[in-house]
Every structure is written in C-alpha cells, then in structure tokens.
Amino acid sequence: MHCRECGYALYRRSTRSSARKISYYRCPGPDAWRYDGHVKCEQRSIRLDLLGHIVWSEIVRLLEDPALIQTELNRRLETARRIWHKSKSGLDRLLTAYQEDLLSLNELRRRMPAMR
C-alpha cells in the first residue's frame, strides 16, 4: 500500500493504550525529521483493524494474478530509469559547465553530492 498524497509506502506501527495494543498503517511523509525538517504530506495513520481485511484481499488478488505484480514492477522500473536519466543529464550539464569554465571547482564540489 502507498500514500495517495506523496506516494511513499505505508508501514505498520503499533502503540499501546491503557486497555490494548493498537496497530496502524502509517505514511512516513508527515515525519519532518526524515526530510530535513520538511513534511512531505499530511496523511493520517489508518487503524489496522479497520483496514486489515482490505489489505489481505488485495494480497490474495495479487497472488492469484501474477501479471498485476509484473505490471507494477515494470512501472517502478520505468520510474527509476527516468530518475536515473534525469540525474545523469544533470551531472553531465554540471561537468560541461565546469569544463567550459562556467562553474568553479568549489561550486562543482558543492553541487555534486546533491546530484548523486
């Protein structure tokens, strides 16, 4: 499962009340500490007991039709390829700017880690 707002995968989290243990599906997007103090989305946690049967029925559906899994893998692979090509193009532009003395060595060193 993934967040509708930011696209990150939901993970399972548990907490205890005075009476029982409560489990949730949670998006990491609202955790500002993960993203340099910036919140990626405002998604609230979803209680596991309210959503568990939906998740299991989806798992069964995926296992019964492997083509759905392959389609999702292909979609993710294509997304990763686009990101890689975009990063490579950015690195190529930075190196070209440095080679043509449009960018200092210090500026190149400052920008390279973010591009990687």
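The values are calculated or read from the model by the stated rules, or taken from the named source; none is laboratory data. Because the structure is predicted, anything quoted here is derived from the model rather than measured. Virtual Cβ from ideal backbone geometry, glycine too; neighbours counted across all protein chains shown. These area figures cover heavy atoms from the full protein model, side chains too; ligands, DNA and RNA do not enter into them. Shrake-Rupley method; radii C 1.70, N 1.55, O 1.52, S 1.80 Å.
Here are a few things to note about the model shown:
- Taking the chain as a whole, each Cys residue has some other Cys C-beta under 4.7 Å from its C-beta.
- Potential lengthening between I22 and Y35 on full extension [0.36 nm per residue; Cα-Cα distance subtracted]: 2.0 nm
- Farthest toward positive dipole pole in the chain [+1 Lys/Arg, -1 Asp/Glu at C-beta], among I46, T71, T96: I46
- The chain: angle of helix 48-64 to the longest principal axis, Cα-based, in degrees nearest 10: 70
- Expressed as a whole percent, the accessible area of the chain that falls on carbon and sulfur atoms is 53 (1.4 Å probe).
- Square roots of five times the Cα gyration tensor eigenvalues for the chain, Å: 40, 22, 8
- Summing Cβ point charges (Lys, Arg +1; Asp, Glu -1) relative to the Cα centre of the chain gives a dipole of roughly 460 debye.
- Set of region 11-27 residues, backbone N closer than 15 Å to the point 7 Å along the Cα-Cβ line of I46: 11-13, 23-27
- Counting only heavy atoms of the protein chains and using a 1.4 Å probe, R34 has close to 100 Å² of accessible surface.
- Tilt relative to the chain, helix 105-115 - C-alpha long axis, 0 to 90 degrees, to 10: 20
- Relative to the longest principal axis of the Cα atoms of the chain, the long axis of helix 66-99 makes an angle of roughly 20 degrees.
- Å² per residue, accessible surface of region 1-73 at 1.4 Å: 79
- Applying 1/(1 + (r/R0)^6) with R0 = 30 Å to the Cβ-Cβ distance of V55 and H85 gives a FRET efficiency near 0.35.
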